[in-house]
Amino acid sequence: DRIRFLYDEFEDIVIGFSGGKDSTVVFELAMIVAKERNRLPLHVMFLDQEIEWQLAIDHIKTIMYRPDVKPLWLQIPFDMPNASSIFSPWLKCWEEGKEWMRPLEPIAKTENIYGEDKFMDMFKAIIREEYKGRKACYLGGVRTEESPGRFMGLTHTPTYKWITWGRVWDRVQGHYTFYPIYDWGYRDVWKAIHDNGWPYCKLYDYLYRYGVAVPNMRVSNLHHETSIRAM
C-alpha cells in the first residue's frame, strides 16, 4: 500500500538494487504494483562498486536482464570510503587506465556525467540527471532495525505529505528517496522471500553455513566497513 501510494504521486519510480535481501524485497513489492498499474518496465538502478561478490552479481543479472525491467547499471568512476586500509581513505571504483576486478557489462553506463565523485553523493546526482524535469522517487531497502539513528530520522519529521520514511533530494524537481520497508525486521524480510519463492542472493546461504550472525550478513561490496565483519 505504501508503494501504491507512491505510484499515485510520482511519474517515475526507481528501485535501488544492491543484490541484498532488503533491496530484493523492495524490488519484488514494487514489481507487483508496477504490474497492477500497467507501469512496466520497472526502473532498476545498480551503482556497481566493482569489488562485489560474484554471487551478488549473479543475482543482480537475473534482475537487470529481465524483459520487464529498465536497467540503469552504472559502472562509472567514483570514490568509495576504503575501510580495508588505514593508508588510503578512498578506493577508486572503475578507475580509468587501471585493471578492473570484473569486465564491463554490455548494458552498463560507463561515463560519470553526474558532477559528483563520492559514493554517498552519487545517488541524488544520478536521479537529478536521469530524471531531469520529471517527478521521481528512488526506493531503497533501508530499515530502522539496523540503526537507532535511522529510527530517529525516519519516524519523526514528514518528508513528503504524511510520509516520514524518506528524504528530500530536490523539492523543486520533486525528487525524493523513500524506504517502504523501514519498519520491517530481518525476520519479516526472510519470511517474505521464502513465502513468495522470490529468488535471492545465494551468498546468504554460505554465510549462514559458516556461522555468520544474521544481523552481520552483508552481500554488498567487500571493502565496506560492515562487510568486513561478515568475511
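The values are calculated or read from the model by the stated rules, or taken from the named source; none is laboratory data. Since this is a predicted model, take the numbers as computed values, not measurements. Please note: Cβ atoms are built from the backbone with ideal geometry, for glycine as well, and neighbour counts cover all protein chains shown. Accessible surface is based on the protein model in full, side chains and every heavy atom, while ligands, DNA and RNA are left aside. Shrake-Rupley method; radii C 1.70, N 1.55, O 1.52, S 1.80 Å.
Here region 99-231 has 53 percent of its accessible surface on carbon and sulfur atoms, given a 1.4 Å probe and all protein chains in place. Largest GNM mean-square fluctuation across 17, 46, 87, computed for the chain with C-alpha springs under 10 Å, falls on 87.
For region 170-182, 3J(HN,Hα) computed residue by residue from phi via the Karplus equation (6.51, -1.76, 1.60; θ = phi - 60°) reads 7, 5, 5, 7, x, 9, 9, 10, 10, 10, x, 10, 4 Hz, glycine and proline entered as x. Please identify, among 49, 173, 75, the residue showing maximal mean-square fluctuation in a Gaussian network model of the chain using a 10 angstrom Cα cutoff. Ranking 49, 173, 75 by mean-square fluctuation puts 173 first. Applying the criteria of a DSSP loop state and at most 15 other Cβ atoms within 10 Å to the GluC sites (Glu not before Pro) of region 7-99 yields 11, 95, 96, 99. Amide H contacts of residue 175 (H built 1.01 Å from N, in plane; Pro and chain starts excluded): 136, 169, 170 sit under 5 Å, all sequence-distant by 5 or more or on other chains.
Annotation: aspartates and glutamates with alpha-carbon distance below 16 angstrom to residue 21 (same-chain offsets under eight excluded): 52, 58, 145, 146, 183, 188, 195, 205. For residue 53, the residues whose amide H sits under 5 Å from its own are 222, ignoring neighbours fewer than 5 places away on the same chain, with H placed 1.01 Å from N. The phi torsions of region 70-78, fed into the Karplus equation with coefficients 6.51, -1.76 and 1.60 and a -60° offset, translate into couplings of 9, x, 10, 9, 10, 10, 10, x, 6 Hz, rounded to whole numbers, with Gly and Pro shown as x.
In this structure the amide hydrogen of residue 217, modeled in the peptide plane, comes within under 5 Å of no amide hydrogen from residues 5 or more places off or on another chain. Shape class of region 1-76 from the Cα gyration tensor (axes a ≥ b ≥ c, square roots of the eigenvalues): prolate, since a/c reaches 1.5 or more and a/b is larger than b/c. Surface composition of region 1-81: carbon and sulfur atoms hold 52% of the protein heavy-atom accessible area at a 1.4 Å probe. Taking 7 Å steps out from each Cα toward its Cβ at residue 36 and residue 152 produces label points 3.5 nm apart.
Inter-part distance, region 186-200 to region 96-141, computed on C-alpha centroids, equals 28 Å.
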